[in-house]
Ligand SMILES: [Zn+2]
C-alpha cells in the first residue's frame with residue numbers, strides 16, 4: 001500500500017509544526033487546534049523527540065491565556081505588543097483579504113516565523129508564544145483588540161476594540177502635549 005505524496009507531506013508538515021510549537025512551550029490544546037493532531041500523538045511526539053530536553057522545555061498545564069488586559073498591563077508590555085503585532089501583520093498572520101482567521105498549518109508556520117523574528121528583534125521579550133497565539137487570535141477576531149495607529153505619529157498600536165478617545169503611542173503621550 002502506498003501513501004499518496006500529498007498525504008505524506010501534509011502529515012509531515014503537521015508533525016514539524018507540532019515540534020516547532022512544542023519548542024516554543026505551547027500547550028497541548030493549542031497544538032491540537034493548529035495542527036489537528038490528537039492529544040495522544042502530541043504527547044508521544046514530545047516524549048520521543050523532546051523528552052530528553054525536559055528540563056529546558058517545561059510543559060505548561062491548564063488553560064491557555066485568555067485575558068486581553070495582559071497586553072496593556074504595563075508600558076513595556078504595550079510596547080512589546082505593538083512590535084509583535086507589527087511582525088504578525090507584516091508576515092501575513094493576521095487575516096486580510098486572502099487569509100482566514102482560523103488556525104491551520106500555513107498560518108501556524110507563519111505564526112512561528114513571526115514569533116521567532118520577534119524574539120530576534122527583542123531577545124529580552126516578556127511575551128510568551130502562547131500569548132503571541134492569543135494576540136494573533138484576538139486581533140483576527142477583532143472583537144476585543146484591534147490594530148490602530150497613533151493619532152500623532154501614525155505608529156502602530158494595539159487597542160481595545162472601541163477606545164473612548166483617540167489613541168496615542170507611549171512616545172507621543174510622553175512628549176507631545178494634548179491638543180486643546
Ligand atoms: Zn505616536
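Values computed for the structure shown
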| quantity | calculated |
| --- | --- |
| 0 to 90° range, to nearest 10: angle between helix 129-141 axis and the chain longest Cα axis | 70 |
| Mean Cα-pair separation over length for the stretch 88-143, i.e. relative contact order, pairs under 8 Å, 6 or more apart, % | 43 |
| Gaussian network model of the chain, Cα within-10 Å springs - most flexible of 36, 104, 154 | 154 |
| Using alpha carbons only: equivalent-ellipsoid semi-axes of the stretch 5-53, gyration tensor based, whole Å | 17, 12, 9 |
| Taking the chain and dividing mean pair separation by its residue count, relative contact order in percent (alpha carbons under 8 Å, at least six apart) | 20 |
| Distance (nanometres) between label positions extended 7 Å along Cα→Cβ at residue 75 and residue 11 | 5.4 |
| Gain upon complete extension [residue 165, residue 67; 0.36 nm per residue less C-alpha separation] | 33.1 nm |
| Compactness of the chain, expressed as Rg and Dmax over alpha-carbon positions, Å | 18.4, 76 |
| Helix axis angle, 105-121 relative to the chain longest principal axis, alpha carbon, degrees | 60 |
| With Cα atoms, 0 to 90° folded angle of helix 5-23 axis to the chain main axis | 60 |
| Stokes-Einstein diffusion coefficient of the stretch 86-173, Kirkwood radius over Cα pairs, 10 °C, 1.306 mPa s, in µm²/s | 114 |
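No lab work stands behind these numbers, since they all come straight from the coordinates. All values derive from a computational prediction rather than experimental measurement. In this analysis, Cβ positions are derived from the backbone assuming ideal geometry, glycine residues included, and neighbour counts consider all displayed protein chains.
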